[in-house]
1. To test your reading of the geometry: what angle, between 0 and 90 degrees and rounded to tens, separates the Cα axis of helix 24-42 from the longest principal axis of the chain?
2. Full-extension gain between E91 and S23, please, as 0.36 nm times their residue separation minus the C-alpha to C-alpha distance.
3. Quick one: order Y166, Y80 by neighbouring beta-carbon count within 10 Å, fewest to most.
4. Just subtract the alpha-carbon distance of S162 and D33 from 0.36 nm times their residue separation and send over the number in nm, one decimal.
5. In region 33-115, what trypsin sites (Lys or Arg not before Pro) fall in a loop by DSSP, with at most 15 other Cβ atoms inside 10 Å?
6. Between A43 and R104, what is the label-to-label distance in nm when each label sits 7 Å out along the Cα-to-Cβ direction?
7. Anything over 24 Å Cα to Cα? Flag those among K106/K152; K29/K74; K106/K134; K24/K74; K28/K83; K66/K106, in the order listed.
8. What's the exposure ranking of M100, M85, going from fewest to most Cβ atoms within 10 Å?
Amino acid sequence: MRAHRPLAVDDTNAAPPAFDRPSKTQLKKASHDLQDLGEAVVALPEDRLAGLPIDESLLDAIREFKRTRSHEGKRRQMQYIGKLMRRTDPEPLREAVAAMQLGRAKDALALHEAERWRSELIASDDALTRWTAKHPDSDLQQLRSLIRAARKDAAATPEQRSGKAYRELFKFIREQPDHE
């Protein structure tokens, strides 16, 4: 019987094996990221889609997805969109989605800012001084009139309030350039 000898291994220059391709986990993550991007892209309005530098077949697939009504049809069409997206550069699509989301965030921020100004202007005369400093070109006579009407409306009993002055003040604030 022959004795079992361990093979001699030279560990002096051993380096971890190098892989030329991404791992299965990385591929799966990239696929999920593209699927999320595809879902965001199909939510873009038509005017934003038209300006994107994407393949015509992908654009047609997105339009077909928007026309599809059944759940299963949408699911299958989304898979097809994902397949087409793997062949295209996703960066222009990511930028378009980010620009759309940024635009919505800016709009929401502007609304909150206008609501804050409206509350402050109704609550205090000091806010009118700050408003004048920030917006010297605004029509102060109209603004004072709107504030007076909104205060009068706010002082009325809830059943007698119309809310019209409150809305008009908000509209005036929103229409001013840079109402920070």
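Quick note: the coordinates plus some simple rules give every number you see, no bench work behind them. None of these values were measured; they are calculated from a predicted model. Ideal geometry is used to build each Cβ from the backbone, glycine not excepted, and the neighbour counts take in all protein chains shown.
1. Helix 24-42 and the main axis of the chain meet at about 30 degrees.
2. So the extension gain works out to 22.3 nm.
3. Ascending number of Cβ neighbours within 10 Å: Y80, Y166.
4. Between S162 and D33, full extension yields 41.5 nm more.
5. R69, R86, R87
6. Computed distance between label sites A43 and R104 equals 0.4 nm.
7. Result: K106/K152; K24/K74; K66/K106 exceed 24 Å.
8. Least crowded to most crowded, the residues run M100, M85.
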